[in-house]
Protein chains: 2
Amino acid sequence: MSMENGASWRLAVETNNIQSWSTVPELCLPYVKNYMLEGQYHRDLDVIIAEMYDYMKSITIKNDGKDIWILDVDDTCISNLKYYEGKRFGGDPFDPVMFKSWILKESCPAIPSMLKFYKKLIESGFKVFLITGRDEMQLGSSTALNLFLQGFEGHERLIMRSSKYRGQSAVKFKSAIRKELVGEGYRIHGNVGDQWSDLTGDYIGAHTFKIPNPMYFVT
Amino acid sequence: MSMENGASWRLAVETNNIQSWSTVPELCLPYVKNYMLEGQYHRDLDVIIAEMYDYMKSITIKNDGKDIWILDVDDTCISNLKYYEGKRFGGDPFDPVMFKSWILKESCPAIPSMLKFYKKLIESGFKVFLITGRDEMQLGSSTALNLFLQGFEGHERLIMRSSKYRGQSAVKFKSAIRKELVGEGYRIHGNVGDQWSDLTGDYIGAHTFKIPNPMYFVT
């Protein structure tokens, strides 16, 4: 495959056609850097979030506290872009030690348009569940604090990966959590994530929203 | 939502973020026309098909005749682009009478890169199932002839919408067919379509491939 066409590669990634890739192809690195920094990423986000607003407004809430949205955390609510700038925007392989120390800094900035939407969801009467593959034991307090400091307050639950799910794929872990929520009677109206592993599997919800992320892939 | 950013709108469509839309927004029409005619559509196809080749080659076939791929027909194997040129590339609402008479002409051209891949699949020992929402009674013989004339020969089955499924959504119809196939012991390795309704629902297969189509949306 020719890797020179960064736009085609990115489309194939964003549609889940290219799966289980480990690093951005070298020839696509300038394209991905440009995409993330020069405006198109934020324009793409704006269009998705506008669509989420429209969809949200079309839903009639039952006021029994069971109408929910699920949001992923990393690169959905808060951004790791600053970290990935130092990793050639995904050109370098995943570095678990460095990434953990980045997370422990508790300084992932909010994605502003998503924070606004998050607040609108809660104001509108939806319950918001944040589900993340981050390890609860190691990163639980840092994640909770980071989210709080960035303005993500008032969600119903922050659900992290407990020891029970350690080593499982995100698809399996997140499917299991969603199954539990549906079992508790919750209706998943929206499901938002930057990875297809947030949006595939079981009980994916009535409407999924894929946030762009051409920098890494989580199984 | 600002409709001026055609690239963002198209990405949101291709990732299934914008669902149930009826026509391409007026402000995006020049963008979509350019996308379809000026090369990017074909470059995007090339990258997807290269990825399908790589994935296909990674599969070990059991030689029990149960290793299959599912391909959609319209705008996956054969193209309606010529028809949609006369409908402002999706700017005009769906016209079932005109579209039917277009299909009855039996002259949808093959998408060349897909025809090549289709032949490779069969050569490699996979069984190919073509599943289409086209009405079997009205369009069955025209569809079979059109596919034959364009070189799509040797598939295991062409499965069309029988009266049993008339009026059902494509997601429901195609899920039901896939469930039957899995019940017959088939292993769905690849599932290829230009609509998310080909690729969502039940028994979607081990790997889905979304072919670009910014011109129309099928529920």
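The values are calculated or read from the model by the stated rules, or taken from the named source; none is laboratory data. Fair warning: this is a prediction, and the values are worked out from it, not measured in the lab. All Cβ positions, even for glycine, are placed from backbone atoms using ideal geometry, and neighbour counts span all protein chains on display. To get the accessible areas, we keep the full protein, side chains included, count just its heavy atoms, and leave off ligands, DNA and RNA. Shrake-Rupley method; radii C 1.70, N 1.55, O 1.52, S 1.80 Å.
For A:Met137, inter-copy separations between label points set 7 Å beyond Cα along the Cβ vector come to 6.3 nm, shortest first. In sequence order, region A:206-216 has phi-based couplings of 5, 8, 9, 10, 8, 7, x, 7, x, 9, 7 Hz under the Karplus curve 6.51 cos²θ - 1.76 cosθ + 1.60, θ = phi - 60°, and Gly or Pro positions carry x. Neighbours of B:Arg88 by Cβ distance under 11 Å: Lys/Arg scored +1, Asp/Glu scored -1, total -1. Between copies, the label points of B:Ser163, set 7 Å from Cα on the Cα→Cβ line, lie 6.2 nm apart, reported in increasing order to one decimal in nanometres. Comment: the Cα-to-Cβ extended label point of B:Ser58, at 7 Å, lies 3.5 nm from its counterparts in the other copies, nearest first. Per-residue mean of foreign Cβ neighbours for A:51-58 is 2 (Cβ atoms of other chains, 10 Å radius).
The share of C-alpha pairs in region A:144-188 whose separation exceeds 17 Å stands at 47 percent.
Counting every alpha-carbon pair across region B:102-214, the share separated by more than 17 Å comes to 58%. When every Cα-Cα distance of region A:1-70 is counted in 5 angstrom steps from zero, the calculated P(r) takes the values 3, 13, 17, 18, 13, 11, 9, 8, 5, 2, 1 percent.
Per-residue 3J(HN,Hα) values for region A:11-23, derived from phi via the Karplus relation 6.51 cos²θ - 1.76 cosθ + 1.60 with θ = phi - 60°, read 4, 5, 5, 5, 9, 6, 6, 9, 10, 6, 7, 9, 9 Hz in sequence order (x marks Gly and Pro). Our helix-only sum for the protein assembly as shown, with -39,500 (n - 2.57) per DSSP H run of n ≥ 4 divided by its residues, gives a mean residue ellipticity at 222 nm of -13000 deg cm²/dmol. Of the residues B:Ser20, B:Leu71, B:Val47, the one whose Cα sits farthest towards the positive end of the charge dipole of region B:1-91 is B:Ser20 (charges of +1 on Lys and Arg Cβ, -1 on Asp and Glu Cβ, taken about the Cα centre). Remark: chain A projects, on average over all directions, an area of 11.5 nm² (convex hull of Cα atoms).
Annotation for A:Lys164 and B:Glu85: the two label points, set 7 Å from Cα along the Cα-Cβ direction, are 5.9 nm apart.
Residue by residue, region A:115-131 carries 3J(HN,Hα) couplings of 4, 4, 5, 4, 5, 5, 4, 5, 4, 7, x, 7, 8, 10, 10, 9, 10 Hz when phi is fed to the Karplus relation 6.51 cos²θ - 1.76 cosθ + 1.60 (θ = phi - 60°); x denotes Gly or Pro.
Taking amide H atoms as placed 1.01 Å from N in the peptide plane, the amide H of A:Ile159 lies under 5 Å from those of A:Leu130, A:Ile131, A:Thr132, each 5 or more residues away in sequence or on another chain. Counted residue by residue at 0.36 nm each, then reduced by the alpha carbon distance between them, the extension gain from B:Lys179 to B:Phe94 reaches 27.6 nm.
Result for chain B in a Gaussian network model with C-alpha springs under 10 Å: among B:Ser124, B:Ser58, B:Ser169, the largest mean-square fluctuation is at B:Ser58.
For region A:135-186, GluC sites (Glu not before Pro) are listed when DSSP marks them as loop and at most 15 other Cβ atoms sit within 10 Å of their Cβ; the list is A:Glu153, A:Glu184. Among the trypsin sites (Lys or Arg not before Pro) in region B:28-101, those located in a DSSP loop and surrounded by at most 16 other Cβ atoms within 10 Å of their own Cβ are B:Lys62, B:Lys66. Length gained on full extension, B:Leu149 to B:Leu104: 14.9 nm, using 0.36 nm per residue less the C-alpha separation.
B:Leu139 contributes about 20 Å² of solvent-accessible surface, heavy atoms of the protein only, 1.4 Å probe.
Residues considered: A:Trp196, A:Trp69, A:Trp102. Largest GNM mean-square fluctuation over chain A, using C-alpha springs under 10 Å, is found at A:Trp102.
Within the listed set A:Tyr203, A:Tyr35, A:Tyr55, the Gaussian network model of chain A (springs between alpha-carbon atoms below 10 Å) gives the highest mean-square fluctuation for A:Tyr55. Relative to the globular-protein estimate of 2.2 N^0.38 Å, the Cα radius of gyration of region B:31-91 stands at 1.52.
Counting heavy atoms of the protein chains alone, B:Met114 has an accessible area of about 0 Å² for a 1.4 Å probe.
Find out how many positive minus negative residues lie around A:Gly125, taking Lys and Arg as positive, Asp and Glu as negative, among other residues whose Cβ is under 10 Å from that of A:Gly125.
Around A:Gly125, the surrounding residues sum to 0.
Where Lys and Arg each count +1 and Asp and Glu each count -1, what net charge lies around B:Asp202 among other residues with Cβ under 12 Å from its Cβ? With Lys, Arg at +1 and Asp, Glu at -1, the net is +2. Restricting to region A:6-210, what percent of DSSP beta bridges are antiparallel, rounded to 5? For region A:6-210, the DSSP antiparallel bridge percentage is about 5. Solvent exposure of region A:46-195, expressed per residue, is 44 Å² of accessible area, with all protein chains present and a 1.4 angstrom probe.
Taking the DSSP beta bridges with both ends in the protein assembly as shown, the antiparallel portion is around 5 percent.
Take each residue of peptide B:62-71, count the partner chain Cβ atoms within 10 Å of its Cβ, and average: the result is 0.
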